[in-house]
Amino acid sequence: MKNIPLHRFTTSLDGFRKIPETIKNFRWHSSAKVVQSVDIDKIRNIGILAHIDAGKTTTTERMLYYSGLIQQMGEVHHGNTVTDYLAQERERGITITSAAITFYWKKNQFNLIDTPGHIDFTMEVEKTLNVLDGAIVVLDGSAGVEAQTLTVWRQADRNEIPRIIYVNKMDRVDSDILMCCDTIDKKLETTSLLLQLPVLENGKLSGIIDVLTMELLNYGSAKDKRVNKIPLTEKQHCKYWNDASLARSQLIEKLTDFDDELANQVISCESLDCISTPDLIKSLKSVTRNQVATPVLLGSSYKNIGVQSLMDAVILYLPSPHKRYEQFSAFEDNLCARAFKVIHDKQRGPLVFFRIYNGSLKKGQKLYSIKQDSSEQMGKLYIAYADDFEEVEEVTNGNIAVVSGLKKIVSGDLVTNSSSSSQKAKNNIVKKYKGSDVETLLGLNVTIPEPVFFCSIEPPSLSVQSALEQALFELQREDPSLRVNHDPETGQTVLAGMGELHLDIIRDKILRDYKIEVDLGPLQIAYREAPVKEVTDTLTVDTKIGNSKQFVNIKLSLVPSFGKEHGGDILKLDRSPEYASNISNIFPKHLVAIRQGAVVGMAHGPKINCQVVNSQVVLHYIEVGRGTSETMIAATVTQLVSSMIKKAGTDILEPIMDLEILTPDEYLSPVLADLSRRRATIRDVGMRKNTKVVLTEAPLSELMGYSTVLRTVSSGTASFSMEFNSYKKMSADLEIIAIQNVRGF
Ligand code: GDP
């Protein structure tokens, strides 16, 4: 077998610049922060996705250290890592908000977008995925694929993000790379392509074998950033050589399943030996970009083993921004950028993070939001280094820009130079992608997950009411999965969010950043109501307001869609022959009012005042008198929809959660016994090494405080994660209890 070493990726420090003495010891500053101009092919916009605790923060920190961006390494348990810069995150040791960090590795520019690991913040993950060109998925080497890995993997699938997997914590004695590959194949339903093998000395991880180059990689101490590469020989390293040869053959065989060119090469030379390292790199690059199989690397970030090789792999296998989001080239010479994050900085005010898909963003320019159909003047332009920003004149295509001074733009907005550049691009898209939906191609219809919990929020005194409103406005702009509503009946402000921790963190932020000591009411479950049967009805309003006559005559149906949440449009137009001519003559502004009226009518069900779902309003007919206001049309629709919902009668639906519980065998019985008292349905009980894995679904109302109970019944040895599954109808007697809980009597 021929071994061609990776000369292109020697681990000398040539990628680093000289660090001025004055800032050498100040950990946020280094000369690597000087903006370097790199070709778009050398940019990697990547995210790190992981189950909580897999080691994402530690791995990020090591990358920043090796790149020279920081001079010392922070540790998660010391609470001083760069990416976890929010105070709450430091205390809780988890990553919540995505921070973007730019650094350089071997003359390539990495824009690392930090993604949250906790399930309560999946909305954040979704927003971040929108702007990535590739991702590293971090696994815990002793756990393999865990519940949240699966969630983020599915999200990455939806966004078609090329991925490589990094199996961390290989220093742990219970780590097992083959078990991890097995869980990758089975659970993630991709083909794992193992590129490295762990080297153990006296049971401890001491290095890594590179299967491609047939080299032994030894990593020095934390301070020593170099990797010592020793070519394996059959004579000197018999066992390593044999293991690596076998792994290399297996890798080539797997790759030939996906890569015809490589398969032909193997057939024509009748041996696997003629496949060189550059051949393998080319093949791996192509299968990764086409997302048909996934390279697997390994290491121990904590012990400083494997991270440099992981960074090399990012350059080798993950794509540059070039060509990835081709539809945005429809903007021609104009800017096209997506806002994916808003933060509120004490000195600089709100800062919006943009990913540039086309053109460039220049200091002082106007930004036009396509979704909002409005322009705003930007303030300053920056590049982000975690909690530190460098002012620049221009940020070019493929990069991440940070803009101050914007008041209206929110996460998810797509911006360009002006309304006419937007229109021109839309026309180009219609021409180029015939039959495709422009909104979908531009990613303008991202769905926000349903909040499952809500609680009231009270200011300590009326004097801070308006400060609290401003705080909530800003927080909502930062995080669209937080909903803030005003309940007209109780006069209270109500927060709705994705989980207990989510709302807790919002309270902490209000206290810390805005110095308002708010009280949160008891956490309540966000139930839904669904109509039981179809109802058709008409309503005529004929009145006078001031001197103007108001007349609306409308016929609607309320149609339940059993079994699933109504997605998409709440309003359907009846274009049957009987009504088609009336429907096609409705003014667009009247349609907007009808839709608004329907949304308001569905906001509160008759039983427990919660949102009405699983149904659609069908408009058969409307007659509007001359001079009638849109407000009157909307109010008429609301009144009719509310009365139809009452007539139909509703069922209460409760949120059902998916749970994955990991427990040692000896505690399985008490865990299952406890679940049986929680109306849980056990879907599977499997085995992962010595741990039982219970997959189950249970109503959220039965899971309040579950973590404490699980800890008690398993003497602290079991753990779990959960994710929203769906809304389901409750039985009649449980419905009575739910109504009592909500009404308080
Ligand atoms: P995150 O939640 O994915 O960001 O994970 P962290 O980086 O916060 O790590 C979670 C815990 O695992 C911390 O206590 C880390 O010190 C520890 N950890 C991280 N990497 C490794 C590793 O390679 N080996 C071991 N044994 N522990 C690690």
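List of remarks:
- Here the stretch 652-743 has 52 percent of its accessible surface on carbon and sulfur atoms, given a 1.4 Å probe and all protein chains in place.
- Axis angle, to the nearest 10 degrees, between helix 465-478 and the longest C-alpha principal axis of the chain: 50 degrees.
- In the chain, the calculated helix contribution to ellipticity at 222 nm averages -9000 deg cm²/dmol per residue, counting -39,500 (n - 2.57) for every DSSP H run with n ≥ 4.
- Long-range HN-HN contacts of residue 227 with modeled amide H, under 5 Å: 11
- Among 308-315, 351-358, the peptide with the highest mean count of other Cβ atoms within 10 Å heads the list, and the full ranking is 351-358, 308-315.
- In this label model, residue 440 and residue 523 are separated by 3.7 nm, measuring between points 7 Å along each Cα→Cβ vector.
- A straight Cα-to-Cα reach below 19 Å connects residue 431 with the aspartates and glutamates 326, 332, 333, 439, residues fewer than 8 places away in its own chain not being considered.
- Positive-end residue, the chain charge dipole about Cα centroid, Cβ charges, pick of 193, 650, 481: 481
- What the stretch 624-736 shows is 46 Å² of accessible area per residue, with the surface traced by a 1.4 Å probe over protein heavy atoms.
- Distance between the 7 Å Cα→Cβ label points at residue 623 and residue 427: 4.2 nm.
- Protection proxy ranking for 159-170, 453-464, using the average of other Cβ atoms within 10 Å per residue and placing the highest first: 159-170, 453-464.
- Mean Cβ count within 10 Å, highest first, over the residues of peptides 257-263, 497-503: 497-503, 257-263
- Charge dipole of the stretch 327-392 (Cα centre as origin; +1 on each Lys and Arg Cβ, -1 on each Asp and Glu Cβ, all else neutral): 120 debye, rounded to the nearest 20.
- Spherically averaged projected area of the stretch 422-556 from its Cα convex hull (nm²): 15.4 nm²
- Note on the stretch 529-648: with charges restricted to the Cβ of Lys and Arg (+1) and Asp and Glu (-1), its dipole about the Cα centre is near 160 debye.
- Estimated Rh, the stretch 652-743: Kirkwood, alpha-carbon pairs, angstrom: 13.8 Å
- Helix axis angle, 238-256 relative to the chain longest principal axis, alpha carbon, degrees: 40 degrees
- When the Cα gyration tensor is reduced to axis lengths a ≥ b ≥ c, the ratio a/c is 1.5 or higher for the stretch 564-691, and with a/b above b/c it is classed as prolate.
- Angle of helix 500-514 to the longest C-alpha principal axis of the chain, folded into 0 to 90 degrees and rounded to 10: 90°.
- The stretch between residue 286 and residue 410 holds 41.1 nm of extra length on full extension. This uses 0.36 nm per residue minus the Cα-Cα distance.
- Cα shape, the stretch 453-526, gyration tensor, a/c 1.5 rule: rounded
- Theoretical FRET efficiency, 1/(1+(r/R0)^6), r = Cβ-Cβ of residue 673 and residue 221, R0 56 Å, to 0.05: 0.70
- Charge dipole (the chain, unit charges on Cβ, about Cα centre) - positive-most of 461, 547, 264: 547
- Size estimate for the chain follows the Kirkwood approach: the inverse of mean 1/r over distinct Cα pairs works out to 28.6 Å.
- All Cα pairs of the stretch 326-441, percent lying beyond 26 Å: 17 percent
- Estimated dipole of the chain in Debye, rounded to 20 [Cβ of Lys and Arg +1, of Asp and Glu -1, Cα centre]: 1420 debye
The values are calculated or read from the model by the stated rules, or taken from the named source; none is laboratory data. As the structure is a computational prediction, the values presented were derived from the model and not from experiment. Note: ideal-geometry Cβ built from the backbone for every residue, glycine included; neighbour counts use all protein chains shown. Side chains included, ligands, DNA and RNA excluded: accessible areas come from the protein's heavy atoms. Shrake-Rupley method; radii C 1.70, N 1.55, O 1.52, S 1.80 Å.
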